[in-house]
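Please read the structure below before turning to the comments.
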Amino acid sequence: MFQHFLQDAVTLFVVIDPIGLVPIFIAITQKEPQISRRRIASLGVGISTIVLLAFLVMGQPLLDALEISLPAFRTAGGLLLLIVGLQMVLQESGGHVASTDPTASIDLAVFPLATPLIAGPGSIMSVVLLTDNLKYGLVDQSITVVALLCVLLITYVALLFSDWIQRRLGRTGVNVITRILGVLLAALAMETILGGISGYFGASVTL
């Protein structure tokens with residue numbers, strides 16, 4: 001049982017990548033005050049938790065009912081990531097403007113933090129596959145839920161430390177890292193898109 005928990009936790013940790021999310025979180029929230037960043041982190045992790053738990057319970061029958069293949073879902077998620085990456089590269093590096101509109105924090109928490117960065121195509125596919133009704137029973141699925149919640153808790157703690165990291169980097173450092181991460185995120189998005197397309201046509205050829 002512990003080995004199963006460890007395997008699922010490691011898989012989800014690698015896919016969600018809490019440590020890798022920190023610099024991206026800094027980049028997309030660099031113009032937000034500290035209180036807003038904490039709110040965005042809380043809402044983002046909370047919303048992604050709901051999304052992932054929903055797919056864990058209903059993802060497989062939902063995708064089957066809508067006749068959506070996992071490769072197609074992965075391709076769509078990759079396109080969303082590509083948009084985020086391009087925005088990070090092309091955004092203007094204006095002065096720090098504190099947002100006083102609470103809806104702005106909610107928008108950033110929903111997109112791109114909650115989805116597709118945390119509850120993205122990779123993590124959604126992982127929870128669906130790790131709780132496959134044809135392979136795993138209720139006990140195994142419960143272990144996966146605990147592993148998922150532990151990884152999301154680690155993600156939340158990592159995002160809270162982004163304030164400390166941002167203070168050390170400064171505005172110029174954040175702007176430079178934002179551009180670099182935007183390029184890397186766009187490249188990762190293209191890998192996701194190409195993987196989805198390859199998987200879709202591979203499955204079609206097999207069928």
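The values are calculated or read from the model by the stated rules, or taken from the named source; none is laboratory data. Owing to the predicted nature of the structure, the values given are computational and were not obtained by experimental measurement. Reconstructed Cβ throughout: ideal geometry from the backbone, glycine too, with neighbour counts over all protein chains shown.
Tally the residues that are in contact (Cβ under 8 Å) with a residue 24 or more places away in the chain, surrounded by fewer than 19 Cβ atoms within 10 Å (Cβ to Cβ) and assigned to a helix (DSSP H, G or I), restricting the search to region 159-173. Working first, answer last.
Restricting attention to region 159-173, the residues satisfying the condition of being in contact (Cβ under 8 Å) with a residue 24 or more places away in the chain are 159-163, 165-166, 169, 171.
Within this subset, residues satisfying the condition of being surrounded by fewer than 19 Cβ atoms within 10 Å (Cβ to Cβ) are 160-161, 163, 165, 169, 171.
When the remaining residues are screened for being assigned to a helix (DSSP H, G or I), the result is 160, 163, 165, 169, 171.
Residues in region 159-173 being in contact (Cβ under 8 Å) with a residue 24 or more places away in the chain, surrounded by fewer than 19 Cβ atoms within 10 Å (Cβ to Cβ) and assigned to a helix (DSSP H, G or I): 5 in total.
Listed by first and then second residue, the pairs with beta-carbon distance under 6 Å, at least 6 apart or on different chains, first residue in region 36-54 and among the charged types (D, E, K, R), second outside any helix (DSSP H, G or I), are 37/29. Among the conditions (1) surrounded by 16 or more Cβ atoms within 10 Å (Cβ to Cβ); (2) in contact with a Phe, Trp or Tyr (Cβ under 8 Å, 6 or more places away or on another chain), residue 70 misses just one, which is (2).
Pick from 131, 155: which is over 17 Å from the mean Cα position of the chain (by Cα) and not basic (Lys, Arg)? It would help to see each step written out before you state the result.
Working: 155 fails: over 17 Å from the mean Cα position of the chain (by Cα).
Result of the check over 131, 155: 131.
Might you check whether a residue that is out of contact with any helix residue (DSSP H, G or I) (no Cβ under 6 Å at 6 or more places or on another chain), more than 29 Å from residue 177 (Cα to Cα) and of a type outside the set (Asp, Glu) occurs anywhere in region 5-26? For region 5-26, residues out of contact with any helix residue (DSSP H, G or I) (no Cβ under 6 Å at 6 or more places or on another chain), more than 29 Å from residue 177 (Cα to Cα) and of a type outside the set (Asp, Glu): present.
Listed by position, the helices (runs of 4 or more DSSP H) contained in region 1-84 that have at least 1 residues being under 18 Å from residue 106 (Cβ atoms) and either modelled with pLDDT of 90 or more or not hydrophobic (A, V, I, L, M, F, W, C) (or both) are 18-28, 34-66.
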